[in-house]
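The values are calculated or read from the model by the stated rules, or taken from the named source; none is laboratory data. What you see is a predicted model; the values in this text were computed from it and never measured. FYI the Cβ positions are ideal-geometry reconstructions off the backbone, even for glycines, and counts take in every protein chain you see. Surface accessibility is based on the protein's heavy atoms, side chains included, excluding ligands, DNA and RNA. Shrake-Rupley method; radii C 1.70, N 1.55, O 1.52, S 1.80 Å.
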Amino acid sequence: MSRYDSRTGDSTSYRDRRSDSGFGGASAYGSSASKRESSSVGDESPKKPDLDGLTPFEKNFYVESPSVAAMTEAEVEEYRKKREITVEGRDIPKPVKSFRDVGFPGKFSSVFLDAFVINFLDVRFPESLDFVPDYVLEEVKKAGFTEPTPIQSQGWPMALKGRDLIGIAETGSGKTLSYLLPAIVHVNAQPILAPGDGPIVLVLAPTRELAVQIQQEASKFGSSSKIKSTCIYGGVPKGPQVRDLQKGVEIVIATPGRLIDMMESNNTNLRRVTYLVLDEADRMLDMGFDPQIRKIVSHIRPDRQTLYWSATWPKEVEQLSKKFLYNPYKVIIGSSDLKANRAIRQIVDVISESQKYNKLVKLLEDIMDGSRILVFLDTKKGCDQITRQLRMDGWPALSIHGDKSQAERDWVLSEFRSGKSPIMTATDVAARGLDVKDVKYVINYDFPGSLEDYVHRIGRTGRAGAKGTAYSFFTAANARFAKELISILEEAGQKVSHELASMGRSTAPPPPGLGGFRDRGSRRAWS
């Protein structure tokens, strides 16, 4: 029995409905046309899986609103062009242009907006309403949420239709809610958990910080539906996590290493998982999680719905997607090429290594206004050294990196978020997954070892439509990145200094694996 009687039913048989994900039937792969369509995001047709004995489940819940249905193809094309939305796949739904048109089934539209408004605006409206009242939408607009972000406007209807989905969008684009809200709808349509059942929704994330951030959003929006979630990651005692799993949770957000530990110790299983999310897939591969991901996915039923999110689209990510996704939609916001958020002002200073600290202090004197300032360094040792020096010089700084305990990392993040310590130094452990809404400045004290890391580091500011500024100290040792960095700056409409332009003309681009997707074995895999 579903928690929501108003959910959209599907009158077709289970065997027919499976073809929505490209499984078991000529409707998915039986014609040459279908094969051509699927080849746009995958060259290999998957083998037909054995689904005998698996319990049927629902996954197509999309209800197209009248205003969306009334959009002409020309209007759809114009909207996508304006918002830089590129799509691939068959039977692609039209994008939604407003929160009113999201298309969650029945009363879930009100439940969704209730949670949205309560969590972000501290406004409530009567539970009995079956529509979205105008005053709620006005409050949403006052808070700056005028319409769904591009990835939400196209991603929500795609995910709600139950098909596999590849989403490529820059950091801070709103992709977390793009998959979490459809996940909550999905959970509400499934039978309730029985003793010993594992989760219905599994979200895999590369770092503890990102996993915690996702779980916070899942708790906010799942509370209206009484959906339980937990976060599974390493570096902390297993006891509380084991208790959550044993009590039963519908949504698990996990880093791969700790999840495998929980599976091998029989503290959870993945038999009930029908909605799988791989968030920041490029980062997971970069950190060497490929074998763990494959092992986890091998324990999940093949007719699941899989959503695959990435900020970039290197070949490694594309190849893995072909193994896990079947006849997927693909939505790209902007371009699949590496690029930076245009809301971020980028300033690159070409200096010597010995000038860095004095330059940092001078910069802090110029910009320090109580706003959050995030300073990135390459090494844990460097983080601690610069933090000590800043504190000796009277600057309120703390550091975060992988050698610190989870409790200490949580405390540092809390101090940073609250503004008690407005300066935080960090290694790349914070480059993705750190969501502090008012980070005004990012400083790359050490330029990162790849352009992907550069884009993700500076993406800690300029989030959710806000403006931000990123400063980067660029030395002769970083010269191999100059040409590609100039391309990123120019694409984002940023000014390129004469020193950087000169360096770009005199140096060759980095060899494969250095300027682009990092060698997967080169980094420690956080678990």
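As a calculated quantity, the FRET efficiency between residue 219 and residue 353 at R0 = 60 Å, using C-beta atoms, amounts to about 0.85. Computed from phi, the 3J(HN,Hα) profile of the range 262-279 under the Karplus parametrisation 6.51, -1.76, 1.60 (θ = phi - 60°) reads 5, 5, 5, 8, 6, 8, 7, 9, 10, 5, 8, 5, 10, 9, 10, 10, 10, 9 Hz, with x in place of Gly and Pro.
Would you tell me the accessible area of residue 67, worked out with a 1.4 angstrom probe on the heavy atoms of the protein chains, in Å² to the nearest 10? Here the accessible area works out near 60 Å². Summing Lys and Arg as +1 and Asp and Glu as -1 over all other residues whose Cβ lies under 12 Å from the Cβ of residue 506 gives a net charge of +2.
Each residue of the range 342-352 was assigned a 3J(HN,Hα) from its phi angle through the Karplus curve 6.51 cos²θ - 1.76 cosθ + 1.60 (θ = phi - 60°); the sequence is 5, 6, 9, 7, 10, 10, 10, 9, 8, 9, 8 Hz, with glycine and proline shown as x. On full extension, the segment bounded by residue 295 and residue 407 gains 37.4 nm, given 0.36 nm per residue less the C-alpha separation. Each Cα pair under 8 Å and six or more residues apart adds its separation to the average, and for the range 392-431 the resulting relative contact order is 54 percent. Rounded to whole Å, the principal axis extents of the Cα atoms in the range 336-428 read 36, 36, 26, largest first. Under 5 Å between amide hydrogens, built in the peptide plane, is the criterion, and for residue 474 it picks out 349, 350, 351 among residues at least 5 positions away or on other chains.
Let me have the relative contact order for the range 186-297, percent, based on Cα pairs under 8 Å that are six or more residues apart. Walk me through the intermediate numbers first.
Details: 175 pairs, mean separation 43.8, N = 112.
Value for the range 186-297: 39 percent.
How large is the accessible surface per residue of the range 328-414, computed with a 1.4 Å probe and reported in Å² as a whole number? Before the final figure, lay out each step's value.
Values: 4040 Å² over 87 residues.
Roughly 46 Å² per residue, with all protein chains present.
For the pair residue 322 and residue 369 in one chain, pulling the backbone fully straight at 0.36 nm per residue adds 12.1 nm over the alpha carbon distance.
To put it simply, the accessible area of the range 156-223 at a 1.4 Å probe is 59 percent carbon and sulfur.
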